[in-house]
Amino acid sequence: MKLLHQAIEAHKNQQWNTAEKLYLELIYRFKDPKAMSYLGSLYSHLQHYEHAEYYFKSSLTINPNQLDTRYNLGICLKKQDKLTEAINHLSSIVKTHRTNEMYFYSLIDACILNDELTSAKNYLDTALKAFPKSYKLIHLSAIIEEVQGNIDRAEFFLEKALSINNKYLPSLNKLGMLQKRNNNIKASIETLSAAIKTDNQNFQLHHNIANSYSDSFQYLRAVEHYEKALTLNSLYRDTHLNLNHIYWKLGKKDQFLDSYKPVNFKDKNNCQLFFDYCNFLLLSAPENCEKELERYESYHYGSYQILEIKAKIYALKKDYLTTEKLLLEATVVSQDIDLQYQLLENQFILEKYESVNDIVTNILKEFPSDIHALAYKNLISKTNDIDSLIHIKDDVLSDKQTGLRNTLIKSLNSLHSDNTEPIDQTLHKGTQTPGNLFEYQDHHIQTFFELVKLTIEQYIYRNKNIHPILRTFKSPEFKITSAWSVKLRSEGFHNNHIHPMGVLSCVYYVELPKEMDTDQGKAGWLKFGEHNIRPGNINDLTFIEPKQDRLVIFPSYFWHGTVPFKSNNSRLTIAFDISVNEKLDI
């Protein structure tokens, strides 16, 4: 048919509007299933997936025996996260056509994305029997292992895939990311560099290698690759976030937030970038945030984030009644849990304890171990459990481990390379190590964590019947999930805060200034029981004196901070969070 031929030629030549008009004419005049299928492909290419889905399905209604159309529909559904429906279509193809590797690949990938790992493994076993040398299928073996937490096995399969095709970008990219996750930063950079040599125009590769450079404190190299990533994709959110965090660390205030300048904030599709930009301004220059919000608010009308940012601005002005009104409006539009946390804080500041209790109760009904809710429940509770759940362990390394403590100090000091405190953390006048300290392959740091594990086990055993989260486990076992070191200088301190990502939290005092042994009152002491904004009654607070080689363990939902101190020397600590799960019988 001449008209269909013209439409296909226009499609091949990327004359999208012409091709679309010709396909629609064919559909209107002849109900042509081929035209419907081609139009679905055109819309899918343009990422208009709902339109594509409609025309693929319309074509299959007329002629269900179109293999390519059904496959394209499955891919289109996968792009929309309609994974169960995608799997149904793709599995129906694989049942009768087992000679196409890509049919298997797409089906297995959809099963992995839909957490159907048993089905994914079964299909993968079948596929590998037919295609034993398929590096793409072997790559999927690695993805399954990664999802199951078997990182070493995942790396094994990635290396196997790369032994067949050493330029396969998905495997190079994933291997570099896993090497970084295992804190093998040097290998990660080498792997991702090899990937970039294969494709220098891949923004994701530049973003990932920048992350590895950042974790190895090579910040200028990280900046170079983040900036390159943004020239390739100026709208990638994580690159903007990471780049500006580095600018802040390096004290490059003149470049801070410059990456957002080319972004069109009038485009509703860029709303999340605008909100990230506003949140940075709230932390660094709140007065500018208000101006920018006034400038662009109308373009993002109806978004709950606009109300949320306004609420944060009024909270900074201490106009908590207006903050309350805005947050209540936002919670009508969205059930985002962060809004509930902000409302919880605001109502506590306003001393609206009935409202606080209602919010806490509603959150705990759905999330019984929610740290924010437990933190506020603890603040308003008449029976305060602070003293009974704090444990102090002195002489952790003991006199026999003096050499270890000295080498530990040296290792930690080498990691404190930033010029200033992180923009979004609780510490003031100090620095914090990047990444997860627990994953650093440093013998002295790993030895320290091994030495404290018994103390943590004993704490859990003694307190599992009174800690509100521990008592939900029959046989609790723990894991150190995140760790970092903080170096505070004179007048440094931590705002009062909680640790939402832990069940238990710990602080270990590695090195203290000698001046803290003199009479400074409670300067530098650890303080429990006080909210960050609304001061508590001094008689209701618990203070713990910092001592060198002292470990303090406490529930992550306890509000805590530190008192500023004065010294010519710095204070060095290790802090870490602990998750708890049910011990599985094997």
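The values are calculated or read from the model by the stated rules, or taken from the named source; none is laboratory data. Just so it is clear, the structure is predicted and the values come from calculations on it, not from any experiment. So basically every Cβ, Gly included, is an ideal-geometry build from the backbone, and we count neighbours across all protein chains shown. Ligands, DNA and RNA are excluded from the accessible area calculation, which covers all protein heavy atoms including side chains. Shrake-Rupley method; radii C 1.70, N 1.55, O 1.52, S 1.80 Å.
Selection over the stretch 113-149 of residues that are free of Cβ contacts under 8 Å to residues at least 12 places away in the same chain and farther than 27 Å from Lys79 by Cα gives a count of 2. Of the numbered criteria (1) over 19 Å from Asp387 (Cα atoms); (2) modelled with pLDDT of 90 or more, the one Ile498 fails is (1).
Conditions (1) among the β-branched types (Val, Ile, Thr); (2) open to solvent by 70 Å² or more (accessible area, probe 1.4 Å); (3) modelled with pLDDT of 95 or more; (4) under 21 Å from Ala161 (Cα atoms), marked per residue:
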position: Thr96; (1), (2), (3), (4): yes, yes, no, no
position: Lys121; (1), (2), (3), (4): no, yes, yes, yes
position: Leu124; (1), (2), (3), (4): no, no, yes, yes
position: Ala127; (1), (2), (3), (4): no, no, yes, yes
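So, Gln179, is that one among the polar types (S, T, N, Q), open to solvent by 40 Å² or more (accessible area, probe 1.4 Å) and over 30 Å from Asn269 (Cα atoms) or not? Lay out the reasoning, then the answer.
Numbers: among the polar types (S, T, N, Q): yes; open to solvent by 40 Å² or more (accessible area, probe 1.4 Å): no; over 30 Å from Asn269 (Cα atoms): yes.
When the stated conditions are applied, Gln179 does not pass them.
Condition test on Phe438, is it closer than 26 Å to Gly524 by Cα, open to solvent by 40 Å² or more (accessible area, probe 1.4 Å) and not polar (S, T, N, Q)? In short, yes.
Of all residues being aromatic (Phe, Trp, Tyr) and open to solvent by less than 100 Å² (accessible area, probe 1.4 Å) in the stretch 12-29, which is nearest to the chain's Cα centre (by Cα)? Just the residue, please. Selected residue: Trp16.
Conditions (1) in a strand (DSSP E or B); (2) surrounded by 20 or more Cβ atoms within 10 Å (Cβ to Cβ); (3) among the aromatic types (Phe, Trp, Tyr); (4) at positive phi, marked per residue:
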| position | (1), (2), (3), (4) |
| --- | --- |
| Phe543 | yes, no, yes, no |
| Gln548 | no, no, no, no |
| Tyr557 | no, yes, yes, no |
| Pro564 | no, no, no, no |
| Ile574 | yes, yes, no, no |
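Please verify whether the stretch 419-427 includes one or more residues that are charged (D, E, K, R), open to solvent by less than 20 Å² (accessible area, probe 1.4 Å), out of contact with any Gly (no Cβ under 7 Å at 6 or more places or on another chain) and closer than 25 Å to Ser579 by Cβ.
Kept after step one, since they are charged (D, E, K, R), are these residues of the stretch 419-427: 421, 424.
Filter once more, keeping what is open to solvent by less than 20 Å² (accessible area, probe 1.4 Å): none.
No, the conditions are met nowhere in the stretch 419-427.
Here's a check for you: in the stretch 42-73, which residue that is aromatic (Phe, Trp, Tyr) and over 11 Å from Ile93 (Cα atoms) is surrounded by the fewest Cβ atoms within 10 Å (Cβ to Cβ)?
From the stretch 42-73, those aromatic (Phe, Trp, Tyr) are 43, 49, 54-56, 71; that's our starting set.
Next, only the ones that are over 11 Å from Ile93 (Cα atoms) stay: 43, 49, 54-56.
Working: Tyr43: 22, Tyr49: 19, Tyr54: 16, Tyr55: 26, Phe56: 28.
Only one residue tops the list, namely Tyr54.
As a summary of the residue check, Ser106 satisfies the conditions (1) open to solvent by 40 Å² or more (accessible area, probe 1.4 Å); (2) polar (S, T, N, Q); (3) in a helix (DSSP H, G or I); (4) in contact (Cβ under 8 Å) with a residue 12 or more places away in the chain except for the one numbered (1).
Are any of the residues in the stretch 133-151 touching a Pro at 6+ places or on another chain (Cβ under 7 Å) and part of a helix (DSSP H, G or I)? The answer is yes, given that some residue of the stretch 133-151 is touching a Pro at 6+ places or on another chain (Cβ under 7 Å) and part of a helix (DSSP H, G or I).
Does at least one position in the stretch 374-388 carry a residue that is acidic (Asp, Glu) and either within 30 Å of Glu290 (Cβ to Cβ) or buried (at least 20 other Cβ atoms within 10 Å of the Cβ) (or both)? The answer is no, given that none of the residues of the stretch 374-388 is acidic (Asp, Glu) and either within 30 Å of Glu290 (Cβ to Cβ) or buried (at least 20 other Cβ atoms within 10 Å of the Cβ) (or both).
In the stretch 453-470 there is at least one residue that is at pLDDT 90 or above, among the aliphatic types (A, V, I, L, M), surrounded by 13 or more Cβ atoms within 10 Å (Cβ to Cβ) and outside any helix (DSSP H, G or I).
Does Leu504 qualify as being under 21 Å from Gly403 (Cβ atoms) and either out of contact with any helix residue (DSSP H, G or I) (no Cβ under 8 Å at 6 or more places or on another chain) or modelled with pLDDT of 95 or more (or both)? Answer is no for this residue. What is the one condition in (1) modelled with pLDDT under 90; (2) among the aliphatic types (A, V, I, L, M); (3) closer than 30 Å to Leu283 by Cβ; (4) surrounded by 18 or more Cβ atoms within 10 Å (Cβ to Cβ) that Leu397 does not satisfy? Here Leu397 meets the rest and fails (3). Residues that are surrounded by fewer than 19 Cβ atoms within 10 Å (Cβ to Cβ) and either of a type in the set (A, V, I, L, M) or outside any helix (DSSP H, G or I) (or both) within the stretch 191-201 comprise Ala194, Asp199, Asn200, Gln201, listed in sequence order.
Can you find a residue that is assigned to a loop (DSSP other than H, G, I, E, B), over 27 Å from Ser398 (Cα atoms), open to solvent by less than 30 Å² (accessible area, probe 1.4 Å) and without any contact (Cβ under 8 Å) to a residue 60 or more places away in the chain anywhere in the stretch 520-533? Scanning the stretch 520-533, I find at least one residue that is assigned to a loop (DSSP other than H, G, I, E, B), over 27 Å from Ser398 (Cα atoms), open to solvent by less than 30 Å² (accessible area, probe 1.4 Å) and without any contact (Cβ under 8 Å) to a residue 60 or more places away in the chain, so the answer is yes.
Do we find a residue being touching a strand residue (DSSP E or B) at 6+ places or on another chain (Cβ under 9 Å), touching a residue at least 60 places away in the same chain (Cβ under 8 Å), within 28 Å of His416 (Cβ to Cβ) and crowded, with 21+ Cβ neighbours inside 10 Å anywhere in the stretch 206-219? No, the conditions are met nowhere in the stretch 206-219. For Lys228, the conditions (1) surrounded by 21 or more Cβ atoms within 10 Å (Cβ to Cβ); (2) closer than 28 Å to Tyr260 by Cα; (3) touching a His at 6+ places or on another chain (Cβ under 6 Å) are fulfilled apart from (1).
Number of residues in the stretch 300-322 that are under 15 Å from Gln340 (Cα atoms) and open to solvent by 50 Å² or more (accessible area, probe 1.4 Å): the value is 1. What are the residues in the stretch 248-277 that are in a helix (DSSP H, G or I) and farther than 19 Å from Gln425 by Cβ, if any? The answer is Asp258, Ser259, Tyr260, Lys268, Asn269, Asn270, Cys271, Gln272, Leu273, Phe274, Phe275, Tyr277.
Has the stretch 11-27 got at least one residue that is under 20 Å from Leu107 (Cβ atoms) and in contact with a Leu (Cβ under 7 Å, 6 or more places away or on another chain)? Lay out the reasoning, then the answer.
Pass one, the stretch 11-27, residues under 20 Å from Leu107 (Cβ atoms): none.
No: the stretch 11-27 contains no residue that is under 20 Å from Leu107 (Cβ atoms) and in contact with a Leu (Cβ under 7 Å, 6 or more places away or on another chain).
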